[in-house]
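**Q** I have a structure I would like to understand better, so I am pasting it below and will then ask my questions one at a time.
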Amino acid sequence: MIRVLILAYDFPPYVSVGGLRPHSWFKYFKEFDVEPIVITRQWGNAYGNQLDFVATGWSKECVIEESPQGTIIRTPYSPNLSNRILLRYGEKRFSRLRKVISAYYEVLQFFFVVGPKKEIYKAAKSFLSQHKVDVIIATGEPFVLFHYARKLGATYNVPWIADYRDPWTPNLKNENWFIKEFNAFLENRISSKAKLITTVSSFFENQIQKHVPNGKFSIIPNGFDEESMKQIEGIEQDSGMLRIGFVGTIYEWHPLIVLLETLNCWVLKFPDRKIELHFHGTNKNEYISELLKNQYPKLIEAVVTHPKLPNQQLLEKLARYNVLLLFNYYAYMGTKIYDYLGLKRKMLFCFTDDPESIKLKNRFYPLDANGASESLQKELIVKYNAGILISNADELIKVLNELYQEHKATGVIKCHSSGVAKFSRRIQVERLANQIKNMH
């Protein structure tokens, strides 16, 4: 059996879409004759929000967990000064000081073993000094894990794989020239040494190739966990009221205000029609609550925010909703769309051609797609009949009326998606396992 050492910063129990990808490797590799050893940091979910990312670990020693699936080594974590200030004083205080301290570590960690992520390198080095592995996989970001994998691979003569969940040096608008050139330099210097580069889409591959032109690439898409979906097959939609769910990060280019304004108009026009919109684990929960209080008091009972939840608990919540909301991500496919597919709940895609949304995109969307498709989600939804494409706010009003009437008549909103089994993470893990075997 081939042994693979996996360097993964995001990993359960931390609630993060980034942790789901390496967790699927750990979960399924053994089925395909690959033994995983995961090195991650100690995570807790004490806060239920972004502060969990910088919270102190629970032990000053490595914690080793053995299971039939493989081995997990959880390393100590001590927040740096910037993060200690954040934990003590909150996000609004000392923000400039925190940025300076964080930048200091972001640069130095590529030249010295410093910073809060260094324990992963130290644990990996200790493990490799006593055990043999056949391959090292580092999944980023943080991309300093690529640096660690390159060093470890050279020291112990082990080939390594650079797994990109996102581009390291994306083609961003208005990015600081020095930061972009510095990252491009590091990316070429480090990733070019990888035996294989894996990423989630052809668009990302094209982005990465600009900085690593000689890399050998393989596309391993994201997906949904079929075992997790089987556990919730019996959960039925809420029949008492039309409920819409959303999960994940809300970006500046997402039409949150347009959505709330439209929902507010609908509630005012049809006060007897009950509806709820639930936001799960977003980075804007406090902001949404303030908006409701100050601008949309009629929505206080209709719009609900929830803290982050472990993925299985989250899926159980989402399965009870009648419809799932998806904001336009343009050139990115995102990750949540795959869980939505696995849940077999109709998606509301907002928006394809809304004037206010276009203004937000022009102002805030950071990526220069350079002619690449900016309708990946739209194409997937159409191909697999997985939801409704909503062009603008006026059409959203119409769709809400149609959904309300369907739910009132039947107690459910039917989803007629088909062919989505191909997006199972287990299938993607099998593809990666075969790639690993072909390296030997």
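**Q** If I filter the range 233-250 down to residues being at pLDDT 90 or above and touching a helix residue (DSSP H, G or I) at 6+ places or on another chain (Cβ under 7 Å), which single residue comes out as nearest to residue 274 (Cα to Cα)?
**A** 242
**Q** When you check residue 154 against the structure, is it at pLDDT 85 or above, surrounded by 14 or more Cβ atoms within 10 Å (Cβ to Cβ) and of a type in the set (A, V, I, L, M), yes or no?
**A** no
**Q** Where residues in the range 273-292 are touching a Phe, Trp or Tyr at 6+ places or on another chain (Cβ under 8 Å) and not in a strand (DSSP E or B), which of them is nearest to residue 397 (Cα to Cα)?
**A** 273
**Q** Out of the residues in the range 1-60 that are modelled with pLDDT under 90 and of a type in the set (Ser, Thr, Tyr), which is farthest from residue 166 (Cα to Cα)?
**A** Going through the qualifying residues, I end up with 59.
**Q** Ok, one more. Name, by its number, the condition in (1) more than 30 Å from residue 270 (Cα to Cα); (2) part of a loop (DSSP other than H, G, I, E, B); (3) more than 23 Å from the chain's Cα centre (by Cα) that does not hold for residue 415.
**A** Failed condition: (1).
**Q** So which of 381, 427, 436 is under 30 Å from residue 135 (Cα atoms), at pLDDT 90 or above and under 21 Å from the mean Cα position of the chain (by Cα)?
**A** 427
**Q** Restricting attention to the range 351-407, report how many residues are charged (D, E, K, R), touching a residue at least 40 places away in the same chain (Cβ under 8 Å), surrounded by fewer than 13 Cβ atoms within 10 Å (Cβ to Cβ) and not in a helix (DSSP H, G or I).
**A** Looking only at that region, the number is 0.
**Q** Something else about it: With respect to the numbered conditions (1) in contact with a Leu (Cβ under 7 Å, 6 or more places away or on another chain); (2) in the same structural domain as residue 141 (by TED's automatic domain parsing); (3) crowded, with 18+ Cβ neighbours inside 10 Å; (4) at pLDDT 90 or above, which one is the sole condition not fulfilled by residue 216?
**A** (3)
**Q** Say we look at the range 272-314 and pick out the residues that are in contact with a strand residue (DSSP E or B) (Cβ under 9 Å, 6 or more places away or on another chain) and of a type in the set (Val, Ile, Thr); which of these is nearest to residue 53 (Cα to Cα)?
**A** Among residues in the range 272-314 that are in contact with a strand residue (DSSP E or B) (Cβ under 9 Å, 6 or more places away or on another chain) and of a type in the set (Val, Ile, Thr), the one nearest to residue 53 (Cα to Cα) is 282.
The values are calculated or read from the model by the stated rules, or taken from the named source; none is laboratory data. Worth saying up front: this structure is predicted, and the values here are computed from it rather than measured. Counting neighbours? That spans all protein chains shown, and the Cβs are built from the backbone with ideal geometry, glycine included.
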